[in-house]
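Enquirer: The structure under discussion is supplied below as structure tokens; questions concerning it will follow.
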Amino acid sequence: MLQTLLPILIFTALAVGAIGAARRIRLWRRGRRSPMRWQRLLRMPKRYLNDLHHVVARDKAMAHTHVATAGGFVAAMALAIVVHGFGWHGPILGGLLLAASIVMFVGALAVNRRRLNPPAKLSKGPWQRLSKSLLAYSVGMFLVSLPLVGVAPTTLGGGALVLVLTLLVAWGLLEMIVGMGWGGPMKHAFAGSLHLAFHRRPERFDDQHGEPQSTNPHDVHRGSRSTALFPLDLAAPKLGVEKPSDFQWEQLLGFDACVQCGRCQAVCPAFAAGQPLNPKKLIQDMVVGMAGGTDARYAGSGYPGIDVGKHHGSSASPIVPQLVEAETLWACTTCRACVEECPMMIEHVDAIVDMRRFITLEMGETPEKGAAAIDNLIATDNPGGLDNASRLDWAADLDLDRIKDRPEGVDVLLWLGDGAFDMRNQRTLRALVKILRAGGVDFAVLGEEERDSGDVARRLGDEATFQRLAERNIATLSRYRFRRIVTADPHSFHVIGREYPAFGGTFEILHHSTFMAELFEAGRLSVGVNPHSETVTYHDPCYLGRYNGEFAAPRQLLAALGLEVAEMARSGYRSRCCGGGGGAALSDVPGKARIPDMRMEDVRETGATTVAVACPQCTAMLEGVVEPRPQIRDLAELVAEALIEPGFDEVVATAPTPARAKVQPDEEIPA
Amino acid sequence: MSVRRIDPHAERIRRNRLHPRHREFARPAWRWTSAEGVTRINPHALGAIGPNGIKRLDRSGASVEASIAGGGQASTEPARRQITLEVPSGYIMVVPELAEGRLSDHDRDLLGLARQLAGDTDLAVTAVTFLSDVAGLEEAGADRRLDLANLVDAETYDPESRLAALVAAERELVPSHWIFADDFPGGGDLGRRLAARLTSDGVQEARPATRVWQVADGRSLSRAGDRQDIQRDVPKILIALAECADPVSETRHEARPMTLEADNAAIEITAGIVDRGRVAVDPQQIPLAQAPFILSAGRGVADWAGFHHAADVLGASEGASRVAVDDGNMPRARQVGATGTFVAASCYIAVGISGAVQHLQGITRCQRVIAINRDPTCDMVKRADLAIIADGDAVLAAVCQQLGRPTPVPAATEERCHDAA
Amino acid sequence: MTLPESKADASDVRTIALVSAGRHVVSGRSDRAREDARAVEMGLKLAGDALTLVHAGDPEEPTLVECLRGYLGMYHGFDMARGFDMARGVDMVERRGSGGGCGRLDLLSMAPSDDAVPMLAEWLEAHEAKLVLTGQRAECGEGSGLLPYLLAERLGWAVVTGVAAIESVDGEAVTLLQALPQGQRRRLTVTLPCLVAVDAVAPAPRQSAFGPARRGRVDVVEIGQPAPDADRAAWQFMPARARPKRLKVVKSANARDRFKAAAAKSEASGGRVLSDLTADQAAEKLIEYLRRENLLRQEKISAAEGDQ
């Protein structure tokens, strides 16, 4: 009896699942089209087995569980089709099927144990059910396959047992195969594998993440990080994403790949601060919007302060505010922690910026201070609305070379960034100038010809202003001769280095931490060892670390200064944002806590008295924390302080290697 | 020649600095002629405590005299020359603003400008007022005074009837100049109305110079848009900014009242504008940047209900420091400072705000700053014109009490507190 | 300061906003003029996208059209309830779909030295304008703030300046709030048709969005006979000079007083610090200070009421 039932069950499930899958594909294809390249499907296995697993493996237990469950299921399903579907009975195939079922069963047990007391980041509802379904499938498949190896009678007697087994298998098939096509939790396998194949950022799969402990000084792989936002065609009839169907179809596919594992939620600084953002919920809302319906069936944590179940959407109706509140989008700091953590490689930040673009460019509803900053950028080329000619006022006594007076060219163009208008950051810049001079670097500045890089405008969704600034900056930079650009602002660093190439500006740009590390390596800087043995910690700026993979140089610098670095629990690629990126400091969405306060708590936990930073925005945000708190010092300030300027003391000046400075901490330092 | 008599009793007291009546007799203490006929100077009575707390010698002795005279308020202004003008050759009309019924500095500047234009000629500087009694027109330089109070209602905004009255004056007196204050909705409004009316009536040279800030050598300089100035021959109508000329200081004029012969010759008025009266403005509705009176709270405030009540009692707009906003006690829109709003209140009361640099940057344009703080060393106290070293909550509560509206029991204020937060 | 409740009435009143090219205070780049943008904001709140913008200027000027498009970028965020727009046959939902409406600006072509008043008057009459909103003073050119008056005089309309808000409009009149110093307001009712010059304290204008700015229509219109501004020909424009700070001149007979006045510290009272006070004493001092500076509004109002 089972012999007749099983093929029917399996093929019905496959057929129904395929119908569902076809419908699902139709949903994705409602997005904006791009050329279809089927050969990309071939990339999928490598991306799945290698890149995806790389991320999953950050949680070892979960990785093993997934390998067992997923591997077991794929094998068991394939074999079941062959064995039970086509009736190719044989002890070897049967044995393999049994073995696969057992592996899957073991995995499913682990899943169930995790689901006994699920962590808050996990979604419940259907996902809770999935764990049981996995058991049902593996047990059912195991039992119905036992006769194949002759353990049980080849024909299981009719009646209740057959019914029970059939139901078990049917349950399993319903969840695993039908659910895969019809939007059940198993959808992730189907959508996820296609998403990996058609990912919008193929470069991400060539990337090896540099670890903070890496011995490799400059993270050779960071060149392959794909973190630049996609340029927007300003001549398009509609700018940005208003409705789910305005996303690229690959993005819609990506949303469907979400497994609701909640890793993004766990790392999201806005969520932790009680601001109304939860990356996981956002992606699920995009799925709701794409498929139509309400978010009432969502079974995970919602946006803090916003009730689940009150929003609805469809692929042809606007997302904001029916489906997602605007403040959810404005709470994002674009720190990319969610993207970094996502095992399915979903691009949350791209989606958020796409929707922000519509709000800013078409609806004109950028949060008040953000809109003011954009207006200032349009009128004065800097977000503060200050006279751009005063960009060098702080350096009146430093007598900096203007590059326009150096037609023969310079080695380094120092890009000041908007921090040049901020009194706090001017201290950093002064320190950096001192270091460059001590290192004998041939450098010059643009002066009043420098404009804002366009970072804030772009993250706030104003692509038009960004592109205008980018084009003007590229034109300015192209007029002058220099070998490379050095900047103390990771945002400028990222935008000039990674986002300008799309607009025809390819420049070699270094963050000042990298450049200073280089100077140390070349023996061009000599420092005295810090007389007080101070514990410092280092806060990785998002746009330097996660966006550009520079984790090593700052640490190398601190080591060269003889400072003991106490790493925060969240550092390196998992560093927590200061709350100042992506225009979040301007949109200033209220929450329960402030992100910089939470970050300062991280700092305090290390017991460090000083936190080394490498970004003007981080400096400003962290200094905004009410005292008493650890000191905030930019890397440049720390280096400049320890600097022994050439000619000041000949003896030390000839012993410049950082290694030596490090191994001789007792060396007497001339005051 | 009179014989110099010396009162030996007074001399004794004067010499004895410990005598209870010494100060009384010591005047003028810094210098006197002794019984021997020698000029004596008392160095202790000289000088005054300078701004740095260091005693400064003022050998003129004026400070001593002033302090003994009590307050030094005595006017040292020399007597003014009285100028009378019996038969004017023409008129220069000045329409002062008379905000709150008084001549303002701006009004005096306008009259000064009129005097400058009149020069040595017999043109009569005529103050045109819509109020019956205005003090100080004589010192301000008005030869004549044209009171049009009978033609218009001084209390209501009725530019059309005022314009009609001015047009009547223009027809009768044909003044060579009209001078208005460039203030909206006062003289700036009326002056432009007059100019537009005269232009359409075909009066020559009626196009006014607006925002005039200087008149020299028969040319006027007025500020135009786009960082430009316009220089032109002095036109008939000048709508001038404050400090366009120096006020009259050396002469005194008669401000002789005059009337229009064609009194009540009211030209037909199209009543297009009807004044419906002042609107009570909730101080909390005034944008912070324009608010004239701000009560601002910082970390030192614990009793927020009391704070909101105090703002209500004082009629002040509420402001806050960044920390108070970050802590969620005040909305972000109320944040004062470089990262919030730059304010220009005429009075700014900072309660429990220590005065971070960014905050102080935000209040640089405030005229008067009052700090209430427990910490006498904080920067806000240093910045303040009046600093009260005390607990902010208690002082505010006492203020409410003394103004007759004590802070209600917390239960009653709970709701208001939420509203504001 | 609330929106008019009877929107149907308001939309029957043909509303026009006169706009001009602004100059940014810091950079001097062309920009929306601050007061004109507030006038447009007021008009959009009142009439929605039925508001038409007018500018008289030289269409050949390179930055002008781009600058004027800044105002068209404000055509967004309209109420969906306004329904189907028969005139243009565009479904409201669809329009919302593309972010905002489509603004229209008529650019009356004239040379920079021409007189704008006759052209504007002719255009306004031709379009049967009822309510014309504009900024109080232009940021470029003469910037005298005279234009609303000259226009009103020529058209025989009422004109009000220093307007902070429009409270309501019906077919006959508009009720508005005029800004007085220190955030105070006065309510006026003005008969239509009228010109309203908006003060800088009016509600801030909405953001100018790139999309609607790009979509908005700018029509160059030839109207009337442009005539040169005769008065202006005799004037001399020159870069603004910094105004000299007024020195405190002390007219005194003796040198001592003049010297003392010149050397004296500035008026700032130099910060009186009162410590060791009880709360009541402190409150007394505070109230005394506020009374002396005439800052207690409650008392001012009750005094004013007492006078009446």
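The values are calculated or read from the model by the stated rules, or taken from the named source; none is laboratory data. No experiment lies behind these values; they were computed from the predicted model shown. With ideal geometry, Cβ positions are generated from the backbone for all residues, glycine too; neighbour counts draw on all protein chains shown. Please note that ligands, DNA and RNA were not included when accessible areas were found on the heavy atoms of the full protein model with its side chains. Shrake-Rupley method; radii C 1.70, N 1.55, O 1.52, S 1.80 Å.
Enquirer: Which whole number in µm²/s is D for the range A:2-197 by Stokes-Einstein, with the Kirkwood Rh taken over Cα pairs at 20 °C and 1.002 mPa s?
Expert: For these conditions, the coefficient is 120 µm²/s.
Enquirer: Might you work out the accessible area of residue B:167 for me, using a 1.4 Å probe with all protein chains in place, and round it to the nearest 10 Å²?
Expert: For residue B:167, solvent-accessible area is about 10 Å².
Enquirer: Next question, about the same structure. Please compute the average number of Cβ atoms from other chains found within 10 Å of each residue's Cβ in peptide C:20-30.
Expert: If you average over the peptide's residues, the count of other-chain Cβ atoms is 5.
Enquirer: Working from Cα positions, state the angle (0 to 90°, nearest 10) between the long axis of helix A:512-521 and the longest principal axis of chain A.
Expert: It works out to around 70 degrees.
Enquirer: Give me the net charge for the shell around residue A:132: Cβ to Cβ below 11 angstrom, other residues only, Lys and Arg +1, Asp and Glu -1.
Expert: +1
Enquirer: On to the next question. For the pairs A:46/A:132; A:434/B:382; A:238/C:45; A:60/A:132; A:238/C:130, note any where the Cα-Cα span goes beyond 27 Å.
Expert: As for pairs spanning more than 27 Å Cα to Cα, those are A:46/A:132; A:434/B:382; A:238/C:130.
Enquirer: What average count of beta carbons from other chains do you get within 10 Å of the Cβ of residues in B:279-291?
Expert: 4
Enquirer: Moving on. Within the range A:360-452, which GluC sites (Glu not before Pro) sit in a loop by DSSP and count at most 14 neighbouring Cβ atoms inside 10 Å?
Expert: A:408
Enquirer: Cα centroids of the range B:189-257 and the range A:107-139: how far apart, whole angstrom?
Expert: A separation of 85 Å, based on Cα centres.
Enquirer: Relative contact order for chain A: what percent, with Cα pairs under 8 Å and sequence separation of 6 or more?
Expert: Relative contact order comes out at 13 percent.
Enquirer: Set the Förster distance to 51 Å, then compute FRET efficiency between residue C:293 and residue A:605 from the Cβ-Cβ distance, nearest 0.05.
Expert: 0.50
Enquirer: Please work out the average accessible area per residue across the range A:310-418, using the 1.4 Å probe convention, and give it in Å².
Expert: Value returned for the range A:310-418: 30 Å² of accessible area per residue.
Enquirer: Ordering A:442, C:276 by how much accessible area each has at a 1.4 Å probe, largest first, what is the list?
Expert: Sorted by accessible area, descending: C:276, A:442.
Enquirer: A follow-up question, please. Can you give me the % of accessible surface on chain A that is carbon or sulfur? Probe 1.4 Å, all protein chains present, nothing else counted.
Expert: Carbon and sulfur atoms account for 59 percent of the accessible area of chain A.
Enquirer: What is the mean number of Cβ atoms from other protein chains located within 10 Å of the Cβ atom of each residue in peptide C:200-213, rounded to a whole number?
Expert: That average works out to 6.
Enquirer: At q = 0.06 Å⁻¹, what is the base-10 log of I(q)/I(0) for the protein assembly as shown according to the Debye formula with one equal point scatterer per Cα and no solvent? Please give it to two decimals.
Expert: Summing over Cα pairs of the protein assembly as shown leads to -0.73.
Enquirer: Label-point separation (nm) for residue B:203 and residue B:256, each offset 7 Å from Cα along Cα-to-Cβ?
Expert: 2.4 nm
Enquirer: Kindly express, to the nearest 10 degrees and within the range 0 to 90, the angle between helix A:91-116's C-alpha long axis and the longest C-alpha principal axis of chain A.
Expert: So the helix axis and the longest Cα principal axis differ by about 60 degrees.
Enquirer: What figure, in Å² to the nearest 10, do you get for the accessible area of residue A:8 with a 1.4 Å probe and non-protein molecules left out?
Expert: 100 Å²
Enquirer: With a 1.4 Å probe and all protein chains kept in place, how do A:132, C:245, A:238 rank by accessible area, largest first?
Expert: C:245, A:132, A:238
Enquirer: Once the whole set of protein chains is in place, how much accessible area is left on residue B:273, using a 1.4 Å probe, in Å² to the nearest 10?
Expert: Estimated to the nearest 10 Å², residue B:273 gives 10 Å².
Enquirer: Here's something else I'd like to know. On full extension of the chain, what length is gained from residue A:25 through residue A:399, given 0.36 nm per residue of separation minus the C-alpha to C-alpha distance?
Expert: 128.4 nm
Enquirer: Can you put C:16, C:223 in order of accessible area, largest first, using a 1.4 Å probe?
Expert: My answer, sorted largest first, is C:223, C:16.
Enquirer: Let me ask you something else. Tally Lys/Arg at +1 and Asp/Glu at -1 over every other residue whose Cβ is under 13 Å from the Cβ of residue B:128; what's the total?
Expert: Every neighbour counted, the sum reads -3.
Enquirer: Cut-off under 13 Å on the C-alpha distance; same-chain residues fewer than 8 positions from residue A:592 excluded. Which aspartates and glutamates are left, in chain and number order?
Expert: B:326, B:327
Enquirer: Here's a follow-up. How charged is the neighbourhood of residue A:29? Take every other residue with its Cβ under 13 Å from the Cβ of residue A:29, and add Lys/Arg as +1 and Asp/Glu as -1.
Expert: +4
Enquirer: Report the trypsin sites (Lys or Arg not before Pro) located in the range A:450-495 that are in a DSSP loop and have at most 13 other Cβ atoms inside 10 Å of their Cβ, or state none.
Expert: A:481
Enquirer: Accessible area lost on pairing A with C, both sides, 1.4 Å probe, Å² to nearest 100?
Expert: 1700 Å²
Enquirer: Then there's this: So for the range A:386-519, considering every pair of alpha-carbon atoms, how many percent are separated by more than 19 Å?
Expert: 46 percent
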